[in-house]
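To keep things clear, I will list the structure first and then write my remarks on it.
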Amino acid sequence: MEELTKYDTVEYLTSEEMIAAYLNAAIEEGDMDILLSAILDAAKARGIMQLAQDSGLCRESLYKTLSPSGGTQGAVQSRALKLS
């Protein structure tokens with residue numbers, strides 16, 4: 001039986017152009033959960049710690065805010081979006 005490997009989108013977001021295309025595709029879906037997930041992937045690709053420092057938010061807050069199950073915390077999302 002062949003073993004499956006875990007897929008991680010972040011591994012493929014290797015340039016600003018790839019990140020921009022990925023985020024644009026997520027926006028076109030029109031679903032906030034998909035967009036938040038894509039933003040989290042982009043933040044991971046760029047370095048979540050850097051985004052946390054730039055936004056003045058802690059890393060844990062970013063993960064919670066940008067996860068689809070984290071709810072919509074508009075002010076925090078707005079700060080993260082401005083920097084991503």
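Here, each number is a calculation from the coordinates, and none is a lab measurement. Bear in mind that the values here come from a model prediction, so they are computed numbers and not experimental data. Quick reminder, even Gly has a Cβ in these numbers, built from the backbone with ideal geometry, and neighbours come from all protein chains shown.
Taking label points 7 Å from Cα along the Cα-to-Cβ direction, Gln50 and Thr5 give a separation of 2.5 nm.
Select from Asn24, Ala38, Gly56 the residue farthest towards the positive end of the dipole of the stretch 1-66; place +1 on Cβ of Lys and Arg, -1 on Cβ of Asp and Glu, and compute about the Cα centre. It is Gly56. Give me the net charge of Ala20's neighbourhood, meaning all other residues with Cβ under 15 Å from the Cβ of Ala20; Lys, Arg count +1, Asp, Glu -1. Neighbourhood net charge equals -3.
A straight line joining the Cα centroids of the stretch 28-49 and the stretch 1-22 runs 13 Å.
A Förster radius of 22 Å, combined with the Cβ-Cβ distance separating Ala21 from Ser67, puts the computed FRET efficiency at roughly 0.50.
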